[in-house]
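Comments concern the structure below.
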2 protein chains.
Amino acid sequence: MSKRLNISKSTISIVLNGHGDEKRVSKDTQETIIKFAEENNYRANQLARGLSRGKSDMIGLVIPNISDSFYARIARRIETKARLSGYNVIFSSTGESKERESELIESMLDRQVDGLIIASTQQNEEDILRLKKSNFPFVLIDRRYPDIETNFVGVDNVGGVAMAVEQLVKMGRKRIGFITLKPGLEAIHERLVGYQQTMKKFELEVKDGFVHELNYETFDEQMPAVFEIMLNSSNDIDGIVFATHFLTASGLREMKRRKVLVPNEVAIVSFGQMSAFDLVDPPITSIAQPVEDLGGRAVDILLENLKDGITAYKQEMLDSSIEVRKSCGA
Amino acid sequence: MSKRLNISKSTISIVLNGHGDEKRVSKDTQETIIKFAEENNYRANQLARGLSRGKSDMIGLVIPNISDSFYARIARRIETKARLSGYNVIFSSTGESKERESELIESMLDRQVDGLIIASTQQNEEDILRLKKSNFPFVLIDRRYPDIETNFVGVDNVGGVAMAVEQLVKMGRKRIGFITLKPGLEAIHERLVGYQQTMKKFELEVKDGFVHELNYETFDEQMPAVFEIMLNSSNDIDGIVFATHFLTASGLREMKRRKVLVPNEVAIVSFGQMSAFDLVDPPITSIAQPVEDLGGRAVDILLENLKDGITAYKQEMLDSSIEVRKSCGA
DNA sequence: TTGAAAGCGCTACCAT
DNA sequence: ATGGTAGCGCTTTCAA
């Protein structure tokens, strides 16, 4: 292009990057360049541009699993917002593996992403710490490291589960169980705390058989045993809060198998939504997390950091809302 | 690194790219380099590497919407498989906008992706044609351009809908309606054909009020009117096939509102799944598309093209299966 | 067996 | 107002 126009590539670069006026390139030259670029469908090589400028205009998204609707919705919002500011997003799923997470973060850094948004396995202190120490811009979402101060956007898990328990209490339930995952994630821990606090607040007993912490990989197989215990005469559960949308689905399947009447015999509330929960038999009361906002805020914070540097860490806890449907006894 | 080791960067590059033996670099030097790299946590700048090699090891994924579980599942598989071959994926959602699709494709090309996987709006002949003419490696998924020969992986829409209709026929239904989207997508057209052919095969009449083609954006609002017509005395529908999972959900909501008994009064089958369809009241019979395979085959084909060049275009139609549940009258 | 040098396509600084 | 030049960090060819 430079040759065929007899204009130096410096000038061309300036004009094409929109600094023509500012750098006092003559109107004439500017026009010539822009016209030629359009006609020849000229497009800058972003690899070269990135290498030269020391920034790639890409942000990396590291999540457990893009096919989980929770993360997919977040990804959608992140992507849309990022593009408005000229960024593309490159994503990868860790499958909840610490090793993979570590590899993926490395790989994204190799690609010179300008920033990262990470829903961590939360077993990867080293990388997070390293990112922090090197002052690399990143935002943690949904999963936080309690001992590391970083940017973070999550939901109010304690408050969300509190709403769930309260709803069951309002419906007159007293022997309320909690089906959750094995600890390891702060968010999961907080949900347990939310359950315990609220039970205490209403002076309800939490028996041994009330709380079940299942494996992330095998919860489906564990479900029958869980209900065996929850429904036995000594526990005689009349309400259950599920800590995630997929636990709800799994639990409900088991309850159908056992022909447990929901909500008459056992009322349930799900922390987290699924798209057809309103069509389920019975329609599921659920705590709706502000998923899109979560993604949106994460990008906002990241972009601020990219623009102004990392001045202070922001931590935001977004509030959930409850969608009351029949399953809770309403 | 070159300086501190007193080894030229050429040699270093050779060793770090695993060509040490092949290029007869002494064991000693190789060891020194590798050791140093590991200790100092050296990682190559992929922007520079890409610029130099003329390839980025990135593939671009352009889809309508990452938060649609159909595409999210595809994306997951693509990502996983691509990584096994050393590729990262950068994705973007078009929101079914032709303009955005065009921009996104451009943007990915600017980023020097090595190949593209596209679920097109199917209104973007120019770009697809341009890609094809420039011999750029790409694979179309789910949505094809009938007039352009390209790589393509999709599902057998005709056969899938045929299964759906047949199932209803088996259950004794005769006045079977079809709720679908406005034409524009080949896949949607094929589903209609599948419906019509199968109705004909069983010598069932297709009345005017049997087929409804809704807008992609406003199907929810149109649904009441649709059922008004379908359920009136002259049509008196006793079975419905929905052309997509979200139409099913929307239709079912309307039927619940009207207290239509499913399947007694109207039996239904969904083309396409949703995660909780087995928990819905009644459980939904659905045609399960081999979504993961679709993504997998797309990557396979793309990687072949990347490796061997584009020799011939592959078109693959994957078979669906039916998951029979109560909603069809079973 | 190793190194020097050119070049990938761009940006940005310094001259003119 | 415009151009020359030096990189950005890597790969690759050619010499030594």
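The values are calculated or read from the model by the stated rules, or taken from the named source; none is laboratory data. Predicted, not measured: the structure shown is a model, and the values here were computed from it. Every residue, glycine as well, gets a Cβ built from its backbone with ideal geometry; the counts of neighbours run over all protein chains shown. The protein model used for the area step is the full one, side chains on, heavy atoms only, and it has no ligands, DNA or RNA in it. Shrake-Rupley method; radii C 1.70, N 1.55, O 1.52, S 1.80 Å.
Among the strands (runs of 3 or more DSSP E) lying completely within the range B:241-330, list those that include at least 1 residues that are out of contact with any His (no Cβ under 7 Å at 6 or more places or on another chain) and within 11 Å of chain A (Cβ to nearest Cβ).
On the way: elements: B:267-271, B:285-288, B:315-318, B:321-323.
It comes to none.
Would you confirm, using the coordinates I've provided, whether residue A:258 is touching a Phe, Trp or Tyr at 6+ places or on another chain (Cβ under 7 Å), open to solvent by 10 Å² or more (accessible area, probe 1.4 Å) and assigned by TED's automatic domain parsing to the domain that holds residue A:196?
On the way: touching a Phe, Trp or Tyr at 6+ places or on another chain (Cβ under 7 Å): yes; open to solvent by 10 Å² or more (accessible area, probe 1.4 Å): yes; assigned by TED's automatic domain parsing to the domain that holds residue A:196: yes.
So residue A:258 passes the test.
Hey, could you check the range A:19-48 for residues that are away from chain B (no Cβ under 14 Å) and near DNA strand C (Cβ under 10 Å from one of its atoms) and say which is nearest to residue B:102 (Cα to Cα)?
A:19
Name the residues in the range A:220-259 that are over 21 Å from residue A:164 (Cα atoms) and of a type outside the set (S, T, N, Q), would you? Steps first, please.
Going residue by residue through the range A:220-259, those that are over 21 Å from residue A:164 (Cα atoms) are A:220-222, A:224-225, A:228-229, A:232-234, A:256-259.
Residues satisfying the conditions are A:220, A:221, A:224, A:225, A:228, A:229, A:256, A:257, A:258, A:259.
What's the total number of residues in the range A:71-105 that are within 21 Å of residue A:144 (Cβ to Cβ) and of a type in the set (Asp, Glu)?
Going through the range A:71-105 one residue at a time, the tally reaches 3.
Counting only residues that are more than 13 Å from residue A:158 (Cα to Cα) and either open to solvent by 70 Å² or more (accessible area, probe 1.4 Å) or not assigned by TED's automatic domain parsing to the domain that holds residue A:271 (or both), how many does the range A:174-200 have?
5
Only one of these conditions is not met by residue A:9: (1) of a type in the set (Lys, Arg); (2) within 16 Å of DNA strand C (Cβ to nearest atom); (3) closer than 30 Å to residue A:136 by Cβ. Which number is it?
Only one criterion is unmet by residue A:9, namely (3).
Quickly run through the range A:281-313 and pick out the residues that are under 19 Å from the mean Cα position of the chain (by Cα) and of a type in the set (A, V, I, L, M).
Passing the criteria: A:287, A:288, A:291, A:294, A:298, A:299, A:301, A:302, A:303.
Quick grid of which residues meet (1) at the interface with chain B (Cβ under 8 Å from one of its Cβ atoms); (2) of a type outside the set (Lys, Arg); (3) part of a helix (DSSP H, G or I):
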{"site": "A:66", "(1), (2), (3)": "yes, yes, no"}
{"site": "A:70", "(1), (2), (3)": "no, yes, yes"}
{"site": "A:75", "(1), (2), (3)": "yes, yes, yes"}
{"site": "A:80", "(1), (2), (3)": "yes, yes, yes"}
{"site": "A:92", "(1), (2), (3)": "yes, yes, no"}
{"site": "A:101", "(1), (2), (3)": "no, yes, yes"}
{"site": "A:105", "(1), (2), (3)": "no, yes, yes"}
{"site": "A:113", "(1), (2), (3)": "no, yes, no"}
{"site": "A:123", "(1), (2), (3)": "no, yes, no"}
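What single numbered condition from (1) more than 17 Å from residue B:75 (Cα to Cα); (2) in contact (Cβ under 8 Å) with a residue 24 or more places away in the chain; (3) touching a helix residue (DSSP H, G or I) at 6+ places or on another chain (Cβ under 7 Å) fails to hold for residue A:77?
Residue A:77 satisfies every listed condition except (1).
So, of the residues in the range B:1-14 that are near DNA strand D (Cβ under 9 Å from one of its atoms) and at pLDDT 85 or above, which turns out to be surrounded by the most Cβ atoms within 10 Å (Cβ to Cβ)? Give the derivation first.
Residues of the range B:1-14 that are near DNA strand D (Cβ under 9 Å from one of its atoms), as a first pass: B:1-2, B:8-14.
Now narrow it down to the ones that are at pLDDT 85 or above: B:8-14.
Numbers: B:8: 10, B:9: 12, B:10: 11, B:11: 19, B:12: 22, B:13: 15, B:14: 20.
This residue is B:12.
Out of everything in the range A:27-58 that is within 8 Å of DNA strand D (Cβ to nearest atom) and open to solvent by less than 60 Å² (accessible area, probe 1.4 Å), what residue ends up being farthest from residue A:113 (Cα to Cα)?
A:29
For residue B:217, indicate whether it is more than 24 Å from residue B:199 (Cα to Cα), among the charged types (D, E, K, R) and within 14 Å of chain A (Cβ to nearest Cβ).
Details: more than 24 Å from residue B:199 (Cα to Cα): yes; among the charged types (D, E, K, R): yes; within 14 Å of chain A (Cβ to nearest Cβ): no.
No: the conditions fail for residue B:217.
Looking for whichever is free of Cβ contacts under 8 Å to residues at least 40 places away in the same chain and open to solvent by less than 30 Å² (accessible area, probe 1.4 Å) here; the options are A:279, A:294. Which one fits? Walk me through it before giving the result.
Numbers: A:294 fails: free of Cβ contacts under 8 Å to residues at least 40 places away in the same chain.
Going through A:279, A:294 in turn, just one is free of Cβ contacts under 8 Å to residues at least 40 places away in the same chain and open to solvent by less than 30 Å² (accessible area, probe 1.4 Å): A:279.
Go over the candidates A:78, A:90, A:117 one by one and state the one that is open to solvent by less than 10 Å² (accessible area, probe 1.4 Å) and over 13 Å from residue A:303 (Cβ atoms).
Values: A:78 fails: over 13 Å from residue A:303 (Cβ atoms); A:117 fails: over 13 Å from residue A:303 (Cβ atoms).
Result of the check over A:78, A:90, A:117: A:90.
Would you mention how many residues in the range B:44-103 are hydroxyl-bearing (Ser, Thr, Tyr) and within 29 Å of residue A:54 (Cα to Cα)?
Of the residues in the range B:44-103, the ones hydroxyl-bearing (Ser, Thr, Tyr) are B:52, B:56, B:67, B:69, B:71, B:80, B:85, B:87, B:92-94, B:97, B:102.
Next, from what is left, pick out any that are within 29 Å of residue A:54 (Cα to Cα): B:52, B:56, B:80, B:85, B:87, B:92-94, B:102.
Summing the residues that are hydroxyl-bearing (Ser, Thr, Tyr) and within 29 Å of residue A:54 (Cα to Cα) in the range B:44-103 gives 9.
If I ask for residues that are among the hydrophobic types (A, V, I, L, M, F, W, C) and open to solvent by less than 40 Å² (accessible area, probe 1.4 Å), which ones from the range B:297-316 would you list?
Once the filter is applied, which keeps residues that are among the hydrophobic types (A, V, I, L, M, F, W, C) and open to solvent by less than 40 Å² (accessible area, probe 1.4 Å), the range B:297-316 yields B:298, B:299, B:301, B:302, B:303.
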